[in-house]
Each structure stands twice: as C-alpha cells, then as structure tokens.
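Down below is the structure, laid out as structure tokens.
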Amino acid sequence: MATSEKLYDIIIIGCGPAGIAAALELQKYQPTPSFLILEARNRVGGRTYTDTHTFATDEPIDLGARWIHHYRPENPLSIHHTPSDKDRFNYQFFNDATTTAHFDYDGTSWSEASMNEAEKIVEEFYAHIKQYDSTKEDISMFDAIRDKYEKIQDEKVRRLVDMNLAFVEHYEASNLSELSTKSFEKSDNDIQPCDLTLPIGLGSFIERIVERNHLPVQLNTIVTHINILIDKNSSICISTQDQQHYMCKYVLITIPLGCLKKHGIHFTPALPD
Ligand SMILES: Cc1cc2nc3c(=O)[nH]c(=O)nc-3n(C[C@H](O)[C@H](O)[C@H](O)COP(=O)(O)OP(=O)(O)OC[C@H]3O[C@@H](n4cnc5c(N)ncnc54)[C@H](O)[C@@H]3O)c2cc1C
C-alpha cells in the first residue's frame with residue numbers, strides 16, 4: 001500500500017475521449033493546474049480503439065468509434081487533424097452505394113434502382129417526421145410514419161427501408177417505436193451531415209492526440225474507491241485495485257455511466273441516489 005506524496009489539483013478518472021478532452025482543456029489554463037489521468041486499461045482511447053494487428057492487412061480496423069461526425073472547422077477535433085488524400089468524407093451517412101456494397105439476406109446484391117427507391121421513401125418519412133406539429137402531443141417516430149410504412153407493397157423494398165431506418169436506431173441506440181418525433185434531429189441542430197473517417201483509424205488518431213500533447217496518463221490503474229477526507233483540508237483520496245492511493249483537490253470522473261451503475265467505484269460518503 002502506497003500513498004503518492006503529491007497533492008494533485010485535479011485527477012481525471014478514465015482516459016477515453018471525455019477524459020482526454022478534459023485534460024486538453026486544463027492545459028489551456030495558465031498556470032496549468034497539476035493533474036493526472038488514471039486509466040484502467042493498458043491503453044488510452046476507451047471506446048475508440050484501432051486494431052492494427054489482428055488482420056494481415058494495412059487497413060486499420062476501428063473496433064469502437066470510427067467516424068468524426070459533423071466534421072467542419074468548428075469541430076474541436078479539427079485542430080488535431082492534418083488533412084490527407086486518404087481522408088474519406090461521407091456526406092450521406094445512411095446510404096452510400098458507391099463505397100459500400102449492400103446484399104440481401106440470400107446473397108444477391110441490391111440494384112442501385114432499389115436502393116434509390118428505398119432511400120427516397122425514407123427521405124419522405126424523415127420529411128414527414130420533421131413536419132410534425134410541435135404543439136401536438138409527442139408520438140414515436142414509428143407511429144409518425146406507420147401509415148406510410150404499412151403501404152409499402154414490395155417486400156424487398158421494405159427490407160431496404162428497414163435497413164435505412166436501422167441506421168437511425170443504431171445511431172440513437174433505441175427503437176423507432178421509442179424515439180421521439182418532436183426531438184428528431186434536434187440534437188444535431190439540423191446541420192448537414194458530413195462524416196469523416198481517417199486512414200489511420202479514429203482510435204490511433206485519439207492516441208496520437210494524447211502523445212502529442214504529452215498528457216500525463218497512468219495506465220493499468222483501476223480506481224476502486226474515492227474517499228473525501230473531511231478532516232484533511234477536504235482533499236480527496238483515490239484508491240486503486242493495486243492498493244495505491246492518490247491525493248487531489250478535485251476529481252473528474254469520466255468513466256461510462258454503466259460502470260458507475262455497477263458500483264465499479266465506491267464513494268465515501270456515498271453518492272446520493
Ligand atoms: C462500437 C462503437 C461504435 C461507435 N462509433 C462511433 C463513431 O463512429 N463516432 C463517434 O463519435 N462515436 C462513436 N461511438 C461512441 C464513442 O466511442 C463514445 O461516445 C466515446 O468513446 C465516449 O467517450 P468517454 O470518454 O465518455 O467513455 P469511454 O470511451 O468509455 O472511456 C472511458 C474510460 O474510462 C476507463 N475506466 C472505466 N472504469 C474505470 C475505473 N474504475 N478506473 C479507471 N478507468 C476506468 C475505461 O477503461 C475507458 O478508457 C461508438 C461506440 C461504440 C462502442
């Protein structure tokens with residue numbers, strides 16, 4: 001058991017994009033507060049990770065996040081990105097037949113005409129959803145398009161429409177029957193999509209941001225307890241699975257909500273319900 005001598009101004013827990021963004025913000029202050037990032041895994045990036053070794057290919061495989069959504073100069077990641085000829089911009093997130101082959105479940109590839117027909121139907125659905133009268137009671141996105149959806153006669157086209165709609169479901173992590181019609185696309189403020197994938201993979205890109213900015217990260221450090229010691233000038237004691245203790249004035253927790261719900265970290269005093 002060892003307690004670090006140093007009293008950090010801030011300790012950030014978790015070195016995924018949120019922890020990294022917080023650290024970059026702290027570096028902007030003069031004088032820069034003393035801080036340290038504690039990361040459970042043996043790598044940075046959290047749910048962004050580029051696998052460069054599993055497949056015998058130069059193509060990096062992003063196992064987690066891959067896209068920089070809404071890429072434009074105002075995007076905070078743009079200052080870290082050096083443009084390359086291999087950057088791939090996708091202005092049409094839902095259906096890009098030119099770069100992605102799509103197959104039906106029996107292995108036959110979809111004709112461009114069917115793809116276009118389905119895309120047109122889905123665009124009409126979205127237009128209809130966006131026109132929903134905001135003074136009315138909210139309904140699910142599926143209820144908003146149900147009548148039109150049920151009128152699709154061609155089974156193949158319906159499957160393609162389903163595939164298109166599934167992109168919204170995976171993007172929003174919910175079923176259409178549970179998504180709000182009134183809130184559709186409000187979170188993105190109606191800005192035109194322009195998504196970017198990078199030749200090195202998003203995980204490697206995030207890793208480079210950490211390296212280039214010399215962020216102080218301690219890997220393989222699973223935080224288990226956070227103890228606010230009221231009798232020691234209210235400093236905070238952070239304990240780890242390998243029985244180390246770190247002292248700080250403030251702690252910034254960026255671990256996923258799911259980990260907090262599983263009580264991966266014990267708080268003293270306990271967090272309110
Ligand atoms: C398959 C998939 C695809 C995705 N695609 C995209 C995409 O294309 N574009 C996009 O913008 N987003 C995408 N996302 C979402 C994106 O990955 C997340 O929004 C982002 O990683 C969240 O960052 P975070 O820092 O909040 O959490 P995380 O990335 O989860 O980072 C949290 C960190 O906390 C660490 N941690 C947890 N518990 C402890 C502990 N007790 N002690 C110390 N450290 C701890 C974890 O190891 C992790 O490194 C995708 C996610 C997944 C899973």
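For SER235, the conditions (1) open to solvent by less than 70 Å² (accessible area, probe 1.4 Å); (2) within 19 Å of GLY14 (Cβ to Cβ) are fulfilled apart from (2). For segment 40-68, a residue qualifies if it is open to solvent by 50 Å² or more (accessible area, probe 1.4 Å), within 12 Å of the ligand (Cβ to nearest atom) and of a type in the set (S, T, N, Q), and exactly one does: ASN42.
Would you mind listing the strands (runs of 3 or more DSSP E) fully within segment 176-257 where at least 3 residues are at pLDDT 95 or above?
Output list reads 223-228, 236-240, 244-253.
Filtering GLU25, GLU5, GLU74 for residues that are open to solvent by 70 Å² or more (accessible area, probe 1.4 Å), over 15 Å from LEU202 (Cβ atoms) and within 14 Å of the ligand (Cβ to nearest atom) leaves a single hit, GLU25. I'd like to know if segment 126-145 contains one or more residues that are of a type in the set (A, V, I, L, M, F, W, C), surrounded by 14 or more Cβ atoms within 10 Å (Cβ to Cβ) and modelled with pLDDT under 90. Looking through segment 126-145, none of the residues is of a type in the set (A, V, I, L, M, F, W, C), surrounded by 14 or more Cβ atoms within 10 Å (Cβ to Cβ) and modelled with pLDDT under 90. Residues that are more than 9 Å from the ligand (Cβ to nearest atom) and open to solvent by less than 10 Å² (accessible area, probe 1.4 Å) were ranked within segment 8-22; the one that is farthest from GLU211 (Cα to Cα) is ILE11. Restricting THR54, THR32, THR48 to those that are in a loop (DSSP other than H, G, I, E, B), polar (S, T, N, Q) and more than 26 Å from the chain's Cα centre (by Cα) reduces the list to THR32.
With respect to (1) assigned to a loop (DSSP other than H, G, I, E, B); (2) farther than 19 Å from TYR246 by Cα; (3) of a type in the set (D, E, K, R), the lone exception for ARG41 is condition (2).
Out of all the residues in segment 95-106, which are modelled with pLDDT of 85 or more and either open to solvent by 50 Å² or more (accessible area, probe 1.4 Å) or part of a helix (DSSP H, G or I) (or both)? Spell out the reasoning first.
Within segment 95-106, the first condition is being modelled with pLDDT of 85 or more, and the residues that meet it are 103-106.
PHE103, TYR105, ASP106 - these are the residues of segment 95-106 that are modelled with pLDDT of 85 or more and either open to solvent by 50 Å² or more (accessible area, probe 1.4 Å) or part of a helix (DSSP H, G or I) (or both).
Summed over segment 77-90, residues that are open to solvent by less than 50 Å² (accessible area, probe 1.4 Å) and charged (D, E, K, R) total 1. Applying the set (1) touching a residue at least 40 places away in the same chain (Cβ under 8 Å); (2) farther than 20 Å from VAL44 by Cα; (3) surrounded by fewer than 14 Cβ atoms within 10 Å (Cβ to Cβ) to HIS263 leaves exactly one unmet item: (1). Against the condition surrounded by 12 or more Cβ atoms within 10 Å (Cβ to Cβ), out of contact with any strand residue (DSSP E or B) (no Cβ under 8 Å at 6 or more places or on another chain) and not in a loop (DSSP other than H, G, I, E, B), how does GLU117 come out, does it pass? Taking the combined requirement at face value, the residue satisfies it.
The values are calculated or read from the model by the stated rules, or taken from the named source; none is laboratory data. Note that this is a predicted model, so its numbers are computed, not measured. Neighbour counts are summed over all protein chains in view; Cβ atoms, including those assigned to glycine, are modelled from backbone coordinates with ideal geometry. For accessibility, only protein heavy atoms count, side chains too; no ligands or nucleic acids. Shrake-Rupley method; radii C 1.70, N 1.55, O 1.52, S 1.80 Å.
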